[in-house]
Amino acid sequence: MQTSDVLVIGGGIAGLSAAAALSAHGSVTVIEAESALGYHSSGRSATFCHYGIGDATVRGLTSYSRAFFQNPPEGLSDYPLAKAKAALFIATEAMLPQLAELSVSMQRFTDTVTDVDVPQMLDLVPVLRTGGEAIVAGVVDSSGLKLDTNAMLQGYARVVRHSGGQVITGKRVGGVERRDGLWRVTAPDGSQYAAPVLINAAGAWADAIAQLAGVRPLGLAPKRRTMIVIDPPAGIEIADWPFTKTVTDEFYILPDSGRLMASPVDEVPSEPCDAQPEDYDLALAAWRAEQFTTLPVQRIAHKWAGLRSFVADRVPTAGFAPDAPGFFWLAGQGGYGIQTAPAMAAIVAALATGNTWPDKLTALGVAPAQILPERLLAGT
């Protein structure tokens, strides 16, 4: 049996960022079921950091994380983690109240928000469908960041290993029990790992891990999201187009490696699984692209789906389970796990080691009661 100070289940962005933060305080072992890091949600994201999703707590976590992306710690990565790219939020006539509300919400965290009219939006994204029942107004936030998720995942793993820890892939969890003050995890091949603190960062499987451990689940709801990649118009340079999203969750589009990545922002309830795109959702993605732009979707060059897992209030959760000593929740990252990972890692490091809550998060309006699992487990 291999022992360490902290055992992390899950090698996605949540588990690895927490492991890297905790590696400064003791020995850390990360166990990932798949053969690659970030195989599920983390590796299937648009990887864009912006203030247009989530509530005020999520925006506070995002604001905290930006400094990390722009100036990562020495030795984390040989490559930049972020590249500046504007975010454009678009609205039809019916969406104007939500656009006004979003603009006010974002301005609490940044002074880079500007209203734009139809001609200005067409200067940014010439293929937008405008006028009539189509797009009539927009808001631009010039502080958006395109993130390199792979650089983040590999960088966090490097930090863990350089600190003497382990990142083990291809190791599924078969059993979890607490005995003699240690959480013991057994894999199907009989190998065992133990630590006094167990970080449950298993994404869509986090509730299943809790049930194996005899811990009350949070009520996670995994949701499938579909992405397609389509060709841009011939002869048009798209690299400088912003991340563009309807203010309501109907459509977004983003240039990526010479093509356009698009999604209908769907949230289809799913069991934890290796999510795959379904025909209806692919058709919906193509139809939304033609509804909000003038692009003819003649072929889908690439397609995939991933899971985003939410708790009831749709805010990421971190903290020790009130019903199980040493069992630490890190779950419910939803669709903003990558852009909030540095903030959540700082929270994990503070709570798991008994240190004080980060003052910067308090200043941004993020308090422990908004993050701790107790809020979801009334009566425990």
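Out of the residues in the range 249-299 meeting the condition of being in a loop (DSSP other than H, G, I, E, B) and hydroxyl-bearing (Ser, Thr, Tyr), tell me which one is nearest to residue 202 (Cα to Cα). Show your work before the answer.
Of the residues in the range 249-299, the ones in a loop (DSSP other than H, G, I, E, B) are 249-251, 257-258, 264-267, 270-278, 294-299.
Restricting the remaining residues to those that are hydroxyl-bearing (Ser, Thr, Tyr) gives 257, 270, 294.
Numbers: 257: 30, 270: 16, 294: 40 Å.
Filtering the range 249-299 for residues that are in a loop (DSSP other than H, G, I, E, B) and hydroxyl-bearing (Ser, Thr, Tyr), the one nearest to residue 202 (Cα to Cα) comes out as 270.
Name the residue that is most open to solvent (accessible area, probe 1.4 Å), counting only residues in the range 234-253 that are in contact with a Pro (Cβ under 8 Å, 6 or more places away or on another chain) and touching a residue at least 60 places away in the same chain (Cβ under 8 Å).
236
Answer with yes or no whether residue 34 is charged (D, E, K, R), surrounded by fewer than 18 Cβ atoms within 10 Å (Cβ to Cβ), over 16 Å from the mean Cα position of the chain (by Cα) and outside any loop (DSSP other than H, G, I, E, B). Spell out the reasoning first.
Details: charged (D, E, K, R): yes; surrounded by fewer than 18 Cβ atoms within 10 Å (Cβ to Cβ): yes; over 16 Å from the mean Cα position of the chain (by Cα): yes; outside any loop (DSSP other than H, G, I, E, B): no.
Answer is no for this residue.
Would you pick out the residues in the range 71-94 that are over 19 Å from residue 46 (Cβ atoms) and surrounded by 13 or more Cβ atoms within 10 Å (Cβ to Cβ)?
Residues of the range 71-94 that are over 19 Å from residue 46 (Cβ atoms), as a first pass: 71-78, 91-94.
Scanning the range 71-94 gives 72, 76, 77, 91, 92.
Just to be sure, is residue 207 open to solvent by 50 Å² or more (accessible area, probe 1.4 Å) and at negative phi?
It is false that residue 207 is open to solvent by 50 Å² or more (accessible area, probe 1.4 Å) and at negative phi.
Please enumerate the residues belonging to the range 141-166 that are outside any loop (DSSP other than H, G, I, E, B) and open to solvent by 20 Å² or more (accessible area, probe 1.4 Å).
Kept after step one, since they are outside any loop (DSSP other than H, G, I, E, B), are these residues of the range 141-166: 141, 145-147, 149-162, 166.
Of everything in the range 141-166, those that are outside any loop (DSSP other than H, G, I, E, B) and open to solvent by 20 Å² or more (accessible area, probe 1.4 Å) turn out to be 146, 150, 154, 158, 159, 161, 162, 166.
Checking the conditions here, which among 24, 20 is over 27 Å from residue 225 (Cα atoms) and outside any helix (DSSP H, G or I)? Full working, then the answer.
Values: 20 fails: outside any helix (DSSP H, G or I).
Within the list 24, 20, the selection yields 24.
Residue-wise test of (1) touching a residue at least 60 places away in the same chain (Cβ under 8 Å); (2) touching a strand residue (DSSP E or B) at 6+ places or on another chain (Cβ under 6 Å); (3) farther than 28 Å from residue 366 by Cβ.
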{"site": "79", "(1), (2), (3)": "yes, no, yes"}
{"site": "84", "(1), (2), (3)": "yes, no, no"}
{"site": "87", "(1), (2), (3)": "yes, yes, no"}
{"site": "90", "(1), (2), (3)": "yes, yes, yes"}
{"site": "97", "(1), (2), (3)": "no, no, no"}
{"site": "105", "(1), (2), (3)": "no, no, no"}
{"site": "110", "(1), (2), (3)": "no, no, no"}
{"site": "116", "(1), (2), (3)": "no, yes, yes"}
{"site": "119", "(1), (2), (3)": "no, no, yes"}
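Counting only residues that are hydrophobic (A, V, I, L, M, F, W, C) and open to solvent by 20 Å² or more (accessible area, probe 1.4 Å), which one in the range 175-201 is nearest to residue 375 (Cα to Cα)?
In the first step, residues of the range 175-201 are kept if they are hydrophobic (A, V, I, L, M, F, W, C); the result is 176, 182-183, 185, 187, 194-195, 197-199, 201.
Keeping just the survivors that are open to solvent by 20 Å² or more (accessible area, probe 1.4 Å) gives 182, 197.
Working: 182: 26, 197: 21 Å.
Only one residue fits best here, namely 197.
Before we move on, is residue 228 in a strand (DSSP E or B), among the aliphatic types (A, V, I, L, M), open to solvent by less than 50 Å² (accessible area, probe 1.4 Å) and touching a residue at least 12 places away in the same chain (Cβ under 8 Å)?
Yes; evaluated as a whole, the condition is true for this residue.
Would you please list the contacts, defined by Cβ atoms under 6 Å and residues six or more apart or on different chains, that run from a residue in the range 265-291 that is of a type outside the set (Gly, Ala, Ser) to a residue that is in a helix (DSSP H, G or I) and surrounded by 13 or more Cβ atoms within 10 Å (Cβ to Cβ)?
266/281; 272/204; 272/205
When the residues of the range 309-323 are filtered to those that are in contact with a Ser or Thr (Cβ under 6 Å, 6 or more places away or on another chain) and open to solvent by 10 Å² or more (accessible area, probe 1.4 Å), which remaining residue is modelled with the highest pLDDT?
Top of the filtered list is 322.
Which is out of contact with any Gly (no Cβ under 6 Å at 6 or more places or on another chain) and farther than 21 Å from residue 40 by Cα, of 207, 240? Step through it out loud before you land on a result.
Numbers: 207 fails: farther than 21 Å from residue 40 by Cα.
Every option except 240 fails the conditions.
Scan the range 303-317 and give yes if some residue there is closer than 30 Å to residue 181 by Cβ and either in a loop (DSSP other than H, G, I, E, B) or acidic (Asp, Glu) (or both), otherwise no.
yes
Show the residue pairs that are 6+ apart or on different chains and have beta-carbon atoms under 9 Å apart, the first residue being within the range 152-176 and at positive phi, the second being in a strand (DSSP E or B).
Qualifying pairs under 9 Å: 164/28.
For the range 5-25, does any single residue satisfy the condition of being closer than 18 Å to residue 337 by Cα, surrounded by fewer than 23 Cβ atoms within 10 Å (Cβ to Cβ) and among the charged types (D, E, K, R)?
no
Would it be correct to say that residue 129 is more than 24 Å from the chain's Cα centre (by Cα) and either open to solvent by 10 Å² or more (accessible area, probe 1.4 Å) or farther than 30 Å from residue 73 by Cβ (or both)?
Numbers: more than 24 Å from the chain's Cα centre (by Cα): yes; either open to solvent by 10 Å² or more (accessible area, probe 1.4 Å) or farther than 30 Å from residue 73 by Cβ (or both): yes.
Judged against the criteria, residue 129 is a match.
The values are calculated or read from the model by the stated rules, or taken from the named source; none is laboratory data. No experiment lies behind these values; they were computed from the predicted model shown. We place every Cβ from the backbone using ideal geometry, glycine too, and count neighbours over all the protein chains shown. The protein model used for the area step is the full one, side chains on, heavy atoms only, and it has no ligands, DNA or RNA in it. Shrake-Rupley method; radii C 1.70, N 1.55, O 1.52, S 1.80 Å.
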